[in-house]
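Down below is the structure, laid out as structure tokens.
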């Protein structure tokens with residue numbers, strides 16, 4: 001964690017987010033004890049096998065439907081999306097999606113399908129880079145038209161396993177509803 005005295009200013013490049021410390025010069029007369037600005041460091045890469053319980057959080061599911069996935073830290077969110085859809089027997093069909101969660105510092109994060117017009121994108125970040133806290137929750141919204149919703153909870157992290165190269169289902173319960181039911 002970097003620490004700056006009241007007289008020092010961090011070298012902020014244009015692409016960096018201006019933090020709370022930019023207010024210090026204006027507020028210093030009112031808070032003379034404010035001497036330092038703490039800048040949060042980027043979270044360290046969380047290696048290992050991430051075990052997620054993925055629950056279908058949708059009114060169309062008639063029963064509790066969930067899958068437990070083992071996800072290597074170097075898997076992208078894009079790979080996780082594909083694994084979730086396969087685990088619930090859904091067809092991606094180029095439908096868009098997004099992942100939403102709060103990182104360890106409490107900041108809201110959103111990662112979108114690579115075909116959307118607005119990043120950051122799910123194929124640009126690995127699971128180990130998320131900065132997801134223990135027992136952290138991710139919301140996965142798939143198909144913006146039908147709005148299929150999934151709730152992912154990080155149950156635990158295990159040591160890396162060289163035999164698990166891609167996300168894989170390790171446990172399951174319930175039968176998911178059909179993605180495209182026959183209404184006839």
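The values are calculated or read from the model by the stated rules, or taken from the named source; none is laboratory data. Model, not experiment: these values are computed from the prediction. Cβ sites come from the backbone with ideal geometry, for glycine too, and all protein chains shown count toward neighbours.
Is it the case that residue 111 is without any contact (Cβ under 8 Å) to a residue 60 or more places away in the chain and in contact with a strand residue (DSSP E or B) (Cβ under 7 Å, 6 or more places away or on another chain)?
So residue 111 passes the test.
Looking only at the stretch 114-127, which residues are touching a residue at least 24 places away in the same chain (Cβ under 8 Å) and either out of contact with any strand residue (DSSP E or B) (no Cβ under 9 Å at 6 or more places or on another chain) or under 15 Å from residue 69 (Cα atoms) (or both)?
Hit for the stretch 114-127 is 127, nothing else.
Being within 20 Å of residue 96 (Cβ to Cβ), in the same structural domain as residue 87 (by TED's automatic domain parsing) and modelled with pLDDT under 95 is the requirement here; does residue 145 meet it?
Yes: the conditions hold for residue 145.
For the stretch 102-113, which residues satisfy the criterion of being surrounded by 12 or more Cβ atoms within 10 Å (Cβ to Cβ) and not in a loop (DSSP other than H, G, I, E, B)?
102, 109, 110, 111, 112
Return yes or no: is residue 80 surrounded by 15 or more Cβ atoms within 10 Å (Cβ to Cβ) and over 14 Å from the mean Cα position of the chain (by Cα)?
Here the answer is no, as residue 80 does not meet what is asked.
Return yes when residue 99 is touching a residue at least 40 places away in the same chain (Cβ under 8 Å), touching a strand residue (DSSP E or B) at 6+ places or on another chain (Cβ under 9 Å), within 15 Å of residue 54 (Cβ to Cβ) and part of a loop (DSSP other than H, G, I, E, B) and no when it is not.
No: the conditions fail for residue 99.
Yes or no: the stretch 96-111 includes at least one residue that is within 21 Å of residue 67 (Cβ to Cβ) and either over 12 Å from the mean Cα position of the chain (by Cα) or not assigned by TED's automatic domain parsing to the domain that holds residue 64 (or both).
Checking the stretch 96-111: at least one residue is within 21 Å of residue 67 (Cβ to Cβ) and either over 12 Å from the mean Cα position of the chain (by Cα) or not assigned by TED's automatic domain parsing to the domain that holds residue 64 (or both).
Could you please find all residues in the stretch 92-108 being out of contact with any helix residue (DSSP H, G or I) (no Cβ under 8 Å at 6 or more places or on another chain), within 20 Å of residue 157 (Cβ to Cβ) and modelled with pLDDT of 95 or more?
101
Can you name every one of the strands (runs of 3 or more DSSP E) wholly within the stretch 33-96 that holds 3 or more residues which are more than 30 Å from residue 181 (Cα to Cα) and touching a residue at least 40 places away in the same chain (Cβ under 8 Å)?
49-56
From (1) more than 14 Å from residue 149 (Cβ to Cβ); (2) surrounded by fewer than 19 Cβ atoms within 10 Å (Cβ to Cβ), pick out the condition that doesn't hold for residue 50.
(2)
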